[in-house]
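> Sharing a structure below in structure tokens format, with a few things to ask.
The values are calculated or read from the model by the stated rules, or taken from the named source; none is laboratory data. Please read these numbers as outputs of a predicted model, since none were measured by experiment. Neighbour counts are summed over all protein chains in view; Cβ atoms, including those assigned to glycine, are modelled from backbone coordinates with ideal geometry. Side chains are part of the model used for accessible areas, which takes the heavy atoms of the whole protein and leaves out ligands, DNA and RNA. Shrake-Rupley method; radii C 1.70, N 1.55, O 1.52, S 1.80 Å.
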Amino acid sequence: MRINPNMVPDILAAIQGTQSQETTALEQLSTGKRVNKPSDDPAASAEMVQNQVLSGQVDQYTTDASGVLDMMHTVDSSLSAVVTSVNQAISVGTEGANSTVTTSQRQAMAQQVQGIFASVLNAANLSYNGSYLFGGTASTAAPYAADSNSSTGYKYNGNEDVNTVQIGAGFDLQTNLPGDQLFSNSGSDLLGSLNQLATALQSGTTTDIANATQQVTAGLNYLTQQRVFYGNAMSQINAQETFLSQETVNLKSQANTLIGADATQAATMLSQAQTANSAVLSAAAKIMPETLLDYLPTTLG
Amino acid sequence: MSLNTSLIVAMQSLLAEQGALDATTNNIANVNTPGYTRELPVLSEAPATQYANYSMGNGVVLEQFQSIRDQILEQRIQQVTQQNAGAQAQTNALQQVETLFTSNGSDIGSEMSALFNSIMQLQTDPANMSLRQGILSAGQNLATAFHTTAAGIAQVQGGMNLQVTQDVGQINQLAQEIAPLNVQLANLKALGQDGGTVEDQLNVLLGKLSGLTNVNVTQTESGVTLTTGNGTALVVGGQSFALQTATGSDGMTHVLDSSGTDITPAIQNGDLGGTLQVRDTTLPGLTNQLNTLASQFASAFNTAHEGGFDLNGQAGVAFFSGPSTGSGSAANFSVAITDPALIAASSDGSAGSNGNITNLIAVQNAKLPAGSSPIDGYANIVFAAGVASANAQAQTSATSMSLQQLNDQRSAISGVSINEESTNLIRYQQAFAAAAKVISTIDQLNADVLNMIS
């Protein structure tokens with residue numbers, strides 16, 4: 001059989017082949033990615049769309065969770081201050097119920113309790129980044145206003161709705177308690193009882209004062225119970241943050257498996273392609289110029 | 001046998017060897033000419049002279065030059081060239097298209113994800129105007145991504161119309177060049193002569209034609225008959241038939257035969273066939289998927305949005321606008337509202353409520369009527385674009401390899417070998433020199449005879 005006398009197309013194809021391997025290896029090494037366009041691996045590219053969406057979500061969950069956590073820290077320290085001052089009111093009330101206390105002393109006490117009422121009312125109007133935290137979902141206006149016409153001494157302008165924030169797939173965390181569950185619950189009305197105590201100190205009997213003090217204590221207990229909600233939420237967020245950072249790692253490792261280039265493999269591929277390329281080039285350089293003419297006497301050539 | 005006879009035999013030998021040297025020279029001259037098939041001098045014995053008791057040979061005759069070719073192999077090469085050119089055209093176009101679906105931060109997937117993330121952020125502070133503005137911007141970015149992608153595909157399709165016109169022009173040009181050669185070749189064959197250069201040229205032109213469209217070659221008495229598509233004649237004998245182009249009602253350039261019949265769908269391979277395949281099947285498929293995604297996503301998102309209340313306590317209005325179904329949904333996808341206060345985050349009408357955001361976020365993972373979630377729907381399009389391009393690339397490299405092998409085979413049969421020609425050069429030179437020696441010897445003999453007389 002006659003063999004193909006023209007090796008040039010094959011040599012060119014071989015050089016092109018090794019050069020394209022070099023380019024691929026170089027691309028993988030420089031980008032760190034095995035998949036640089038959808039046709040490199042259509043299935044992995046499609047999965048990467050999901051992966052990128054999920055990592056975006058996890059980043060957003062993390063941002064939102066930390067925002068909510070900051071907000072709850074503010075709520076918690078504010079409630080803690082409320083507890084301290086209400087405790088003060090209770091000791092004032094307990095002292096005021098004592099029959100040895102003079103009227104003028106009671107007047108001073110009443111003023112002190114009124115001051116505490118005002119500070120709790122102020123705390124109940126706590127705002128964070130411009131939105132009020134204890135008005136239910138009516139967060140654009142202060143939920144509580146002092147109202148001397150009302151028997152309770154205040155007016156609640158908020159509603160009873162709650163907001164949730166998604167901080168994980170299917171994890172909706174309730175982020176607020178409406179003020180009427182904390183400060184003005186119909187069963188144990190903290191603000192109302194403080195107002196009542198002030199009134200009792202001003203003009204009531206010692207029994208009135210003792211009763212009112214009891215009411216304040218009940219209100220405080222209720223507030224303390226409700227405050228656990230924020231503690232729980234914060235610990236849930238902390239746990240979720242740990243989970244999310246683990247999830248970020250998982251997603252990154254999944255992305256790397258899907259489209260990442262194995263640096264060792266790419267480097268090996270590059271050096272193999274280089275070797276093959278120089279082998280082809282040197283073989284071509286050796287073979288191509290050789291013909292019978294090189295060996296014939298010059299009389300012919 | 002006289003001395004003169006010997007002289008004539010020797011002279012014929014000189015002529016024959018010189019002819020053989022001509023063939024060698026021509027072969028060496030055309031060693032790099034594309035489509036050239038090497039020629040062999042066909043030498044045969046001259047008819048012998050019969051004498052009473054013996055017959056005497058009359059030397060050598062150069063009968064003809066024969067081109068060494070395998071016609072079946074040539075046809076196989078033409079077929080694979082058609083497939084290869086078709087795959088190559090698809091690869092070129094689809095590689096442009098797939099970049100539209102490469103994740104680069106501003107593709108549809110990234111922008112869709114950014115939109116939902118900006119909505120999730122609003123959960124923490126639902127009345128915050130800058131967060132709301134962020135959602136509007138993210139929505140506009142998503143719209144831009146839909147526009148860019150749809151326009152990118154349309155642009156490639158538009159470029160392909162130009163390609164169709166150019167291809168058809170080249171096909172017509174080639175058919176015109178082939179027709180006269182076809183007649184010449186038929187005449188040569190009718191005389192029993194070798195096709196030689198004419199056949200080489202014809203094969204080169206057929207190779208070029210194969211790079212453009214599917215060509216069916218039928219051998220007839222009057223040369224080859226070339227048809228494309230489902231039997232549309234390009235060349236019959238000495239006559240060529242020009243294809244035409246016309247813009248169809250779909251705005252695309254269609255291919256018509258010489259009598260004006262639309263043969264666009266019948267053209268299969270070659271650059272024209274590959275181009276039409278991508279333009280009329282692959283890309284419309286992607287555009288349809290994109291339009292379905294855009295319209296169904298907009299409708300699902302609007303439904304969720306309309307279920308909530310805006311910052312002013314009013315019921316939510318449509319967030320996205322655009323055709324509710326079918327074509328143009330991606331190209332006309334847009335954000336319907338400009339006032340960030342109109343974003344319906346609230347579920348109870350109060351400004352601080354974020355209750356409807358859960359419903360908006362849920363759109364991301366809820367199945368659209370097409371059967372998958374918006375993100376999965378987009379991932380499917382990425383997959384489709386990637387697979388189409390990867391298949392075209394695989395087809396290109398597979399046909400390139402088989403084309404290379406076929407060309408190697410062709411070269412093994414028809415290619416010029418410098419070594420072989422050098423060897424022949426020596427052979428013919430030696431024979432020529434020997435014949436010349438014979439002539440001078442006979443000349444000497446004649447002189448000797450004349451000397452005998454004097």
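> Here is a list: A:V101, A:V53, A:V58. Which entry is more than 30 Å from A:A198 (Cβ to Cβ), without any contact (Cβ under 8 Å) to a residue 24 or more places away in the chain, crowded, with 16+ Cβ neighbours inside 10 Å and not aromatic (F, W, Y)?
Selected residue: A:V53, the only one of A:V101, A:V53, A:V58 that is more than 30 Å from A:A198 (Cβ to Cβ), without any contact (Cβ under 8 Å) to a residue 24 or more places away in the chain, crowded, with 16+ Cβ neighbours inside 10 Å and not aromatic (F, W, Y).
> What are the pairs with Cβ atoms under 8 angstrom where one residue, in the stretch B:293-304, is touching a residue at least 12 places away in the same chain (Cβ under 8 Å) and the other, located anywhere, is of a type in the set (S, T, Y) and open to solvent by less than 10 Å² (accessible area, probe 1.4 Å)? Sequence gap at least six, or different chains.
B:L293/B:Y378; B:A294/B:S329; B:S295/B:S329; B:A298/B:S329
> Tell me yes or no: at least one residue of the stretch A:263-285 is surrounded by fewer than 11 Cβ atoms within 10 Å (Cβ to Cβ) and in contact (Cβ under 8 Å) with a residue 40 or more places away in the chain.
Scanning the stretch A:263-285, I find no residue that is surrounded by fewer than 11 Cβ atoms within 10 Å (Cβ to Cβ) and in contact (Cβ under 8 Å) with a residue 40 or more places away in the chain, so the answer is no.
> Any residue at all in the stretch B:150-162 that is closer than 30 Å to A:T137 by Cα, buried (at least 20 other Cβ atoms within 10 Å of the Cβ) and touching a residue at least 40 places away in the same chain (Cβ under 8 Å)? Steps first, please.
Filtering the stretch B:150-162 down to residues closer than 30 Å to A:T137 by Cα leaves none.
No - not one qualifying residue is present in the stretch B:150-162.
> Sort out which residues of the stretch B:126-141 are surrounded by fewer than 24 Cβ atoms within 10 Å (Cβ to Cβ) and facing chain A (nearest Cβ under 9 Å), and write them in order of number.
Across the stretch B:126-141, the qualifying residues are B:A127, B:N128.
> Take the stretch B:401-424 and flag every residue that is more than 25 Å from the chain's Cα centre (by Cα) and more than 10 Å from chain A (Cβ to nearest Cβ).
If the condition is that a residue be more than 25 Å from the chain's Cα centre (by Cα) and more than 10 Å from chain A (Cβ to nearest Cβ), then B:N424 is the only one that fits.
> Do any residues in the stretch A:1-18 that are farther than 15 Å from A:A279 by Cβ and within 7 Å of chain B (Cβ to nearest Cβ) have Cβ atoms under 9 Å from those of residues that are of a type in the set (S, T, Y) and not in a loop (DSSP other than H, G, I, E, B), where the two are at least six apart or on different chains, and which pairs are they?
Final answer for the pair search is A:N4/B:S411; A:P5/B:S411; A:N6/B:S411; A:P9/B:S411.
Yes/no per residue for (1) open to solvent by less than 30 Å² (accessible area, probe 1.4 Å); (2) more than 46 Å from the chain's Cα centre (by Cα); (3) hydroxyl-bearing (S, T, Y); (4) more than 11 Å from every other protein chain (Cβ to nearest Cβ):
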| position | (1), (2), (3), (4) |
| --- | --- |
| B:V42 | no, no, no, yes |
| B:P47 | no, yes, no, yes |
| B:I72 | no, no, no, yes |
| B:Q78 | yes, no, no, yes |
| B:E98 | yes, no, no, no |
| B:Q123 | yes, yes, no, no |
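> Could you tell me which of the residues B:L62, B:L43, B:L100, B:L94 is farther than 20 Å from B:S417 by Cβ and either of a type in the set (G, A, S) or not in a helix (DSSP H, G or I) (or both)?
B:L62 is the lone residue from the list that is farther than 20 Å from B:S417 by Cβ and either of a type in the set (G, A, S) or not in a helix (DSSP H, G or I) (or both).
> Right, something else. Might you check whether a residue that is within 24 Å of B:T25 (Cα to Cα), hydroxyl-bearing (S, T, Y) and surrounded by fewer than 20 Cβ atoms within 10 Å (Cβ to Cβ) occurs anywhere in the stretch B:412-426? Let's see the steps before the verdict.
Kept after step one, since they are within 24 Å of B:T25 (Cα to Cα), are these residues of the stretch B:412-426: B:412-426.
Now narrow it down to the ones that are hydroxyl-bearing (S, T, Y): B:414, B:417, B:422-423.
So of that shortlist, the ones also surrounded by fewer than 20 Cβ atoms within 10 Å (Cβ to Cβ) come out as B:423.
Yes, the stretch B:412-426 has at least one match.
> Could you tell me whether B:L368 is closer than 30 Å to B:I72 by Cα and either at pLDDT 90 or above or not aliphatic (A, V, I, L, M) (or both)?
In short, no.
> Looking at (1) without any contact (Cβ under 8 Å) to a residue 24 or more places away in the chain; (2) over 30 Å from B:T275 (Cβ atoms), can you tell me which one B:N27 breaks?
Failed condition: (1).
> Out of the stretch A:1-37, which residues are assigned to a loop (DSSP other than H, G, I, E, B), at pLDDT below 90 and open to solvent by 60 Å² or more (accessible area, probe 1.4 Å)?
Listed by number, the residues that qualify are A:M1, A:I3, A:M7.
> Surrounded by fewer than 17 Cβ atoms within 10 Å (Cβ to Cβ) and more than 30 Å from B:G377 (Cβ to Cβ): which single residue out of B:V168, B:V183 fits that description?
B:V183
> Within the stretch A:119-139, which residues are surrounded by fewer than 16 Cβ atoms within 10 Å (Cβ to Cβ) and in a loop (DSSP other than H, G, I, E, B)?
Within the stretch A:119-139, A:N129, A:G130 qualify.
> Here are some conditions: (1) surrounded by fewer than 17 Cβ atoms within 10 Å (Cβ to Cβ); (2) outside the structural domain of B:V335 (by TED's automatic domain parsing). B:G105 meets all but one. Which one does it not meet?
(2)
> Separate question: Scan (1) in contact (Cβ under 8 Å) with a residue 24 or more places away in the chain; (2) of a type in the set (A, V, I, L, M); (3) assigned by TED's automatic domain parsing to the domain that holds B:I8 for the single condition B:A388 breaks and write down its number.
(3)
> Between B:A398, B:A392, which is more than 7 Å from every other protein chain (Cβ to nearest Cβ), surrounded by fewer than 18 Cβ atoms within 10 Å (Cβ to Cβ) and modelled with pLDDT of 95 or more?
Only one candidate passes the filter, namely B:A398.
> Tell me, which residue of the stretch A:156-173 that is out of contact with any helix residue (DSSP H, G or I) (no Cβ under 8 Å at 6 or more places or on another chain) and within 24 Å of B:L311 (Cα to Cα) is most open to solvent (accessible area, probe 1.4 Å)?
Taking the candidates together, the pick is A:N157.
Here is a yes/no grid of residues against (1) within 30 Å of A:L244 (Cβ to Cβ); (2) open to solvent by 60 Å² or more (accessible area, probe 1.4 Å); (3) touching a residue at least 60 places away in the same chain (Cβ under 8 Å):
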{"residue": "A:T175", "(1), (2), (3)": "yes, no, yes"}
{"residue": "A:A198", "(1), (2), (3)": "no, no, yes"}
{"residue": "A:S203", "(1), (2), (3)": "no, yes, no"}
{"residue": "A:T206", "(1), (2), (3)": "no, no, yes"}
{"residue": "A:Y222", "(1), (2), (3)": "no, no, no"}
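> Can you find, within the stretch B:325-379, the residue that is nearest to the other protein chains (Cβ to nearest Cβ) among those that are assigned to a loop (DSSP other than H, G, I, E, B) and free of Cβ contacts under 8 Å to residues at least 12 places away in the same chain?
B:S373
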